[in-house]
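Report on the following structure.
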Amino acid sequence: MNTTAPLLDVAGLTLKIGGSGRTVVNDVSFQVFPGEIVGIVGESGSGKTLAARAVMGFIPPAVRLEGGRIRFDGQDVMTMSPKDLRAMRGSKVGMVFQEPMTSLNPSMLIGRQLDEGLALHRKLDAPARRALILDMLRSVGLRDPEGALTAYPHQFSGGMRQRIMLASVMLLKPGLLLADEPTTALDAVVQRDVMELMVELTKANHTAVLLISHDLGMVARYCSRIVVMSQGDVVEQGKAEDILARPQHPYTRKLLSAMPHRSPARPLPEARTPIVAVRDLVVEYPGRQGFFRKSEAKRALHGISIDVQPGEVVAVVGGSGSGKTTLGQSIAGLVRPTGGEIRFNGKPIEKSDAAYWDYRLNCQMVFQDPYSSLDPRMTIRQLVAEPLRLVPDMSPADRKARVAEVLTEVGLGNGFAERYPHELSGGQRQRIAIARAIVRRPSFVIADEPVSALDVTVRAQVLELFDELQKKHGFSCLFISHDLGVVEQVADRVIVMQDGRIVEEGPRDDIFDNPTHPYTQKLLAAVPGLEATSEGGVRLFWRRAENDQEIVG
Amino acid sequence: MSIDSTTTGGASMKKPRRMKLPAPNAIVGGTLIGILLLAAGTGALWTPYDPLKLSFREKLAAPSALHWLGTDEFGRDVLSRLMAGAATSVWISILTVTLAVVFGTLIGLFSGYMRGWTDRIIMAFNDALLAFPGILLALGLLAVVGANKYGIIVALGIAYTPSVARVVRGTVLSLREREFIAASRVMGNAEAFTMARHILPNCIAPLTVLATSMFGYVLLAESALSFLGLGVPPPAPTWGNMLAGSRPYIGQAVWLGIFPGLAISLTLLGINLLGDAVRDRLDPRMRGSR
């Protein structure tokens, strides 16, 4: 394939921040050939997004171009006139952004948004454009393309919006598609569908793809070549199989080892009284109430029953809308169940004050978003000490000592105590959130997607910390996640949910090795399995769901 | 290469807190408000001339060495009246804003936190009040409570409460969806504690902005009421009735309007600058970023 001229040729690209002179992209070179899929992998701050945006001539005002050359289709992007640059964007290079919720204009009809680019770059009359648009919407899998034309973006789910976004870009049949974390905001199953669609469409149009992602597994699955970036540098690039199997650079190895792997199954103590027992839990969200009418209630959980044994980590997995978060919130007492019963240590929590306080003090929660789960006006010490306020018989000195102890346990130390959350990174904040949840030494912790907002290597560290703390203190845990890889690493038992019902449950190894329910199989097909190789790399394998046509081998 | 950012990244960043110069808006705002308070304080005890003393020989005298800011149509010294009026006007504004902020915040917090029917009923009533222009509402209330200094405070305070309640309620509604509120409930904190500890402090930023701009409206509303004869009854000076009284003489004695107007504008400027500085100071996210 390398006999033809490269479509995109980036050589020695260096970008600096204007004021401080900090180098954010340092001497980056890579090439993309026609029809090829190349992945740029790196964590936040690695410069991968900046490097890709420079290709389009989109450099933020604060960033200065220091050197290097970007040639697209033989033309130098740097010296292009604004007019040529505009002609190139959209028509020859398309871009799909991360956030499907914000990349479509919410006040514009889908049909008009799709038409905009087409009308600008192609000389076609309205009926011809309409035919093209309908055709494209059909090929991205929209059920009712005619109807979609006169619908607004908010009427579609995240996955559908990303398909529409893809349709709008592919309408112009660009030579190169820049996809910046195109599926990060979507859940695993939808993520896979969108990726497969993207690969299929670009293949059909002979469009090259530059895929930017932090997810090494996904990049490895779809890309022929991988560029690994870290802190502005390209640390390694090459064929996907080589990078995975024989990583040369320590950072690549670190990324690979950060991919979740299965820990050995551990024996659990004999079943005693379950610490949490949920029976026939039903949760309904009331429909929208107007002054005159009341729309129907939406049932989020249809009679869920689960038991969590002392010391056990139970994972609840499912896509968005499966009810897994609602389940966690109702066990945490944040959502009032419509029906059913929750017992804590064998006692129904609603019945007596004593049982309620035992439950309230011993059941804690770690939230998904470390940016929103910490009160921005409190210092770390205040945040971590707050739960202790309600612990009876604890002297101020004891409290102070406990806070220091817990901060050390989560790997931060007392030096952080006087800082505010905004001074910490996402990983550090999530450590604080964990510290706050365990500072009362609870016997049960609910973790709702605790690592899904974090970078891969940080995720691995936080998971490891969580695992360590769980083993040390022996608390039981309900671990809610859409990411099966993470679940495989931490869970003893797995519960798979779909549409508010449990579709399958069992010990982790059974679920992962012999899934019986089609939905479980579908979930598993969306994540890679890992096998360590002798050269310090990994080999990925993909489980296949039954009745599932694989597009990429 | 250190990628282990979650554990090492910040520990070395900790630097001793240096004393920093206050922000420029704090300096300018503080100076203006300082002068105002000084003038109001002095004006309550001592003024160059008796602000109420008539002197028909000197009426409508231009600013001079004797009367720095000139005299009005009755020959009263404008500077003395400005100083005496500062105490009244500022006192009225401060009390009115405090009243509106306290009641508005309580109503907004309660309404936003309860939601459901409680919220709907309170807000329907609130919106009905908001639909009246503040000054009209105050006029009606003044007719009930009587036109004097405290009547104005009560009337304007009630008239401005609904907008505070609106702003606080909106903030509460958005805050209570944040995960740290859920975290507080999972901890077992009582609802009232959650409101006081987590929700109220996070309402301070919008409240400061609102309160400072309201201060200006109240100063103007007070002058409008005085202008209509429902304010502080003459001959007692307020900036409002001085401004109102200057109108017939705008052609012959510009200083009568200019100086009270200038006093009002500079006070507003000072309060707005100081308000911004206070808001930034109270927000930990803004600290140290300068």
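Beta carbons closer than 8 Å, at least 6 apart along the sequence or on distinct chains, pair a first residue in region A:77-88 that is assigned by TED's automatic domain parsing to the domain that holds A:LEU120 with a second that is assigned to a helix (DSSP H, G or I) for A:VAL77/A:ALA54; A:VAL77/A:VAL55; A:VAL77/A:LEU85; A:VAL77/A:MET88; A:MET80/A:MET88; A:ALA87/A:HIS121.
From A:GLY67, A:GLY94, grab the single residue that is exposed (fewer than 14 other Cβ atoms within 10 Å of the Cβ) and assigned to a strand (DSSP E or B). I'd like the intermediate steps shown before the answer.
Details: A:GLY94 fails: exposed (fewer than 14 other Cβ atoms within 10 Å of the Cβ).
Being exposed (fewer than 14 other Cβ atoms within 10 Å of the Cβ) and assigned to a strand (DSSP E or B) holds for just one of A:GLY67, A:GLY94, which is A:GLY67.
If you go through region A:100-150 and pick out every residue that is touching a residue at least 40 places away in the same chain (Cβ under 8 Å), farther than 21 Å from A:GLN191 by Cα and buried (at least 16 other Cβ atoms within 10 Å of the Cβ), you end up with 7.
Just one of the listed residues (A:VAL503, A:VAL494) is at pLDDT 90 or above and touching a His at 6+ places or on another chain (Cβ under 8 Å), namely A:VAL503.
Comparison of A:ARG143, A:ARG130, A:ARG112, A:ARG163 shows that the only residue that is more than 17 Å from the chain's Cα centre (by Cα) and within 26 Å of A:SER481 (Cβ to Cβ) is A:ARG163.
In region B:159-180, of all residues being closer than 28 Å to A:VAL384 by Cβ and hydroxyl-bearing (Ser, Thr, Tyr), the one that is farthest from the other protein chains (Cβ to nearest Cβ) corresponds to B:THR171. In region B:191-217, the qualifying residues are those that are among the aliphatic types (A, V, I, L, M) and at pLDDT below 85, and the one that is nearest to B:GLY257 (Cα to Cα) is B:VAL209.
Filtering region B:90-127 to residues that are exposed (fewer than 14 other Cβ atoms within 10 Å of the Cβ) and polar (S, T, N, Q) leaves B:THR98, B:THR118.
Restricting to region A:331-378, and then to whatever is hydroxyl-bearing (Ser, Thr, Tyr) and under 29 Å from B:ILE204 (Cα atoms), can you tell me which residue is modelled with the lowest pLDDT? Lay out the reasoning, then the answer.
Going residue by residue through region A:331-378, those that are hydroxyl-bearing (Ser, Thr, Tyr) are A:338, A:352, A:356, A:359, A:371-373.
Filter once more, keeping what is under 29 Å from B:ILE204 (Cα atoms): A:371-373.
On the way: A:TYR371: 83, A:SER372: 87, A:SER373: 89.
Step by step, filter region A:331-378, then rank; the result is A:TYR371.
Within region B:181-193, the set of residues being in a helix (DSSP H, G or I) and within 10 Å of chain A (Cβ to nearest Cβ) comprises B:ILE181, B:ALA182, B:ALA183, B:SER184, B:ARG185, B:VAL186, B:MET187, B:PHE193.
Conditions (1) among the aromatic types (Phe, Trp, Tyr); (2) closer than 22 Å to A:HIS482 by Cα, marked per residue:
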{"position": "A:ALA300", "(1), (2)": "no, yes"}
{"position": "A:VAL317", "(1), (2)": "no, yes"}
{"position": "A:THR325", "(1), (2)": "no, yes"}
{"position": "A:GLY328", "(1), (2)": "no, yes"}
{"position": "A:VAL335", "(1), (2)": "no, yes"}
{"position": "A:GLY340", "(1), (2)": "no, no"}
{"position": "A:PHE344", "(1), (2)": "yes, no"}
{"position": "A:LYS347", "(1), (2)": "no, no"}
{"position": "A:TYR356", "(1), (2)": "yes, no"}
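Answer yes or no: is there a residue in region A:28-39 that is modelled with pLDDT under 85, in the same structural domain as A:LYS203 (by TED's automatic domain parsing) and surrounded by fewer than 19 Cβ atoms within 10 Å (Cβ to Cβ).
Restricting attention to region A:28-39, the residues satisfying the condition of being modelled with pLDDT under 85 are none.
No: zero hits.
Scanning region A:411-444 for residues that are surrounded by 20 or more Cβ atoms within 10 Å (Cβ to Cβ), of a type in the set (S, T, N, Q) and facing another protein chain (nearest Cβ under 7 Å) yields one hit, A:GLN428. Quick one: A:PRO450 ticks every box in (1) touching a strand residue (DSSP E or B) at 6+ places or on another chain (Cβ under 6 Å); (2) more than 12 Å from every other protein chain (Cβ to nearest Cβ) bar one, so which box is it? Tallying (1) touching a strand residue (DSSP E or B) at 6+ places or on another chain (Cβ under 6 Å); (2) more than 12 Å from every other protein chain (Cβ to nearest Cβ), A:PRO450 fails exactly one: (2).
Residues in region A:365-410 that are out of contact with any Asp or Glu (no Cβ under 9 Å at 6 or more places or on another chain), surrounded by 22 or more Cβ atoms within 10 Å (Cβ to Cβ) and at the interface with chain B (Cβ under 7 Å from one of its Cβ atoms): A:PRO387 only.
The values are calculated or read from the model by the stated rules, or taken from the named source; none is laboratory data. The model shown is predicted, which means the values in this text are computed figures rather than measured ones. Note that each Cβ is placed from the backbone with ideal geometry, even for glycine, and that neighbours are counted across all protein chains shown.
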